[in-house]
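The values are calculated or read from the model by the stated rules, or taken from the named source; none is laboratory data. Owing to the predicted nature of the structure, the values given are computational and were not obtained by experimental measurement. So basically every Cβ, Gly included, is an ideal-geometry build from the backbone, and we count neighbours across all protein chains shown. Note: areas computed on protein heavy atoms with side chains; ligands, DNA, RNA excluded. Shrake-Rupley method; radii C 1.70, N 1.55, O 1.52, S 1.80 Å.
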Amino acid sequence: GQTYQVALRAVNVAGPGLPSNLSTVVAKGTPEAPRSVSVVASDRTLTVDFQPPSNGGSPITNYDYSLDGGSTWQQRVPASVTAPIVIGGLTNGTAVQVRVRAVNAVGAGDASSSTTATPRTTPSAPTIEDDTIVGVDGTLEVVFSAPSSDGGSSITSYEYSTDAGRTWRRRDAGTTGSP
């Protein structure tokens, strides 16, 4: 990004010759690393937000991203110079190491720090076992099967409704097992 006025002159055994005309040039390099990278995980998708870096003297033309900490890189398609980058087609529950780098006419710049993210969604529905709800002394005991999918993130609790789903309460017990 620095501007220089360049002149040349030839040198031989007798000494230096006359200088050439002046030519102004702006030095160009690759961009710096994107700043303030944050990742939001959702269903099979990551949304990567960032602040654009200094461009190294040449306009940024695209961004690359890596999902393995920088071992391999993928170009953003279609090319774009704005944030965020939305990366789809991922596997829920599989952690990835996200890095981003800017690209200009000189090449790919420095990569951001690595950020770990895991795509995920809500769990599928549990199944209440037929004829297993028992009411005793103002409590209900419900035998159920866990959902077939945790959505890519461990189940931490269950909620229950006793009014056909109009209101929900969190289960008091500290377990995620049945009943």
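When restricted to residues that are open to solvent by 80 Å² or more (accessible area, probe 1.4 Å) and at pLDDT 85 or above, region 126-146 contains 1. If you go through region 116-125 and keep only what is without any contact (Cβ under 8 Å) to a residue 60 or more places away in the chain and buried (at least 16 other Cβ atoms within 10 Å of the Cβ), you end up with just P123.
Note on region 130-179: among residues that are free of Cβ contacts under 8 Å to residues at least 24 places away in the same chain and aliphatic (A, V, I, L, M), the one that is farthest from P119 (Cα to Cα) is V136. Residues in region 10-35 that are open to solvent by 90 Å² or more (accessible area, probe 1.4 Å) and within 21 Å of V96 (Cβ to Cβ): R35 alone.
Within region 44-57, residues that are farther than 17 Å from A27 by Cβ and β-branched (V, I, T) sit with their Cβ atoms under 7 Å from residues that are open to solvent by 60 Å² or more (accessible area, probe 1.4 Å) and assigned to a strand (DSSP E or B), at 6+ positions apart or across chains, in these pairs: T45/V86; T47/V40; T47/V86.
Name the residue, out of S153, S71, S112, that is polar (S, T, N, Q), surrounded by 13 or more Cβ atoms within 10 Å (Cβ to Cβ) and modelled with pLDDT of 90 or more.
Of the residues listed, the single one that is polar (S, T, N, Q), surrounded by 13 or more Cβ atoms within 10 Å (Cβ to Cβ) and modelled with pLDDT of 90 or more is S112.
Between R35, R9, the distinction of being charged (D, E, K, R), under 15 Å from T115 (Cβ atoms) and out of contact with any Lys or Arg (no Cβ under 7 Å at 6 or more places or on another chain) belongs to R35 only.
For region 16-53, taking the residues that are more than 15 Å from the chain's Cα centre (by Cα) and part of a strand (DSSP E or B), the one that is nearest to T82 (Cα to Cα) is identified as V26. For region 69-91, the condition of being of a type in the set (F, W, Y) and not in a strand (DSSP E or B) holds for at least one residue. Taking the numbered list (1) open to solvent by 50 Å² or more (accessible area, probe 1.4 Å); (2) in a loop (DSSP other than H, G, I, E, B); (3) at pLDDT 90 or above in turn, G174 passes all entries but (3).
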